Amino acid sequence: RQLLPRRVEALAGQRVVAVSAGGNHSLVITASGAVWSWGWGVDGQRELLPTKVEAFAGQRVVAVSAGDNHSLAVTAHGDVWSWGWGGQGLLGHGDVQLQLLPKKI
């Protein structure tokens, strides 16, 4: 349990330009447009340190949103991507499947 704000050392050297905190995980965007994620994953794994979302390599992400168990990202080209728990059609892919990697809507 952390009562006071603390620097996320794993992001040292990165200029963070946006953050989103969900119920079980967090996302950030860096100045380069990269997305980093950490927290409780939909696959039951915990990422205790920020991990770069490699699915966006070569793309510039401009916005992210972290839900309880799913995530959304918007690229500079206006494409919307989602991943996580797909129950109730949350991901916008026309199904209720679990999506472990970002998938374009």
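In the set (1) within 16 Å of Lys103 (Cα to Cα); (2) under 9 Å from the mean Cα position of the chain (by Cα), the condition left unmet by Phe56 is number (2).
Quick check on region 64-94: of everything there that is among the small types (Gly, Ala, Ser) and in a strand (DSSP E or B), which residue is most open to solvent (accessible area, probe 1.4 Å)? So, considering only residues that are among the small types (Gly, Ala, Ser) and in a strand (DSSP E or B), the one most open to solvent (accessible area, probe 1.4 Å) is Ser65. Between Val74, Val35, the distinction of being in contact with a strand residue (DSSP E or B) (Cβ under 6 Å, 6 or more places away or on another chain) and under 17 Å from Ala21 (Cβ atoms) belongs to Val35 only. The condition of being closer than 20 Å to Ile105 by Cβ, modelled with pLDDT under 95 and of a type in the set (A, V, I, L, M, F, W, C) does not hold for Val74. When Val61 is tested against (1) at pLDDT 95 or above; (2) open to solvent by 40 Å² or more (accessible area, probe 1.4 Å), just one condition goes unmet, and that condition is (2). Any idea which residue in region 5-23 is least open to solvent (accessible area, probe 1.4 Å), counting only those that are closer than 19 Å to Ala66 by Cα and assigned to a loop (DSSP other than H, G, I, E, B)? Once the filter is applied, the top-ranked residue is Gly22. Cβ-Cβ distances below 8 Å connect the following pairs, each with a first residue in region 77-94 that is over 13 Å from Ala66 (Cβ atoms), a second residue that is open to solvent by less than 10 Å² (accessible area, probe 1.4 Å) and in a loop (DSSP other than H, G, I, E, B), and a separation of six or more residues or different chains: His93/Gly86.
The values are calculated or read from the model by the stated rules, or taken from the named source; none is laboratory data. Just so you know, these numbers come straight off a predicted model, no measurement behind them. Cβ atoms come from the backbone with ideal geometry, glycine included; neighbour counts cover every protein chain shown. Each accessible area value is taken on the protein alone, full model and side chains, heavy atoms only, with ligands, DNA and RNA left out. Shrake-Rupley method; radii C 1.70, N 1.55, O 1.52, S 1.80 Å.
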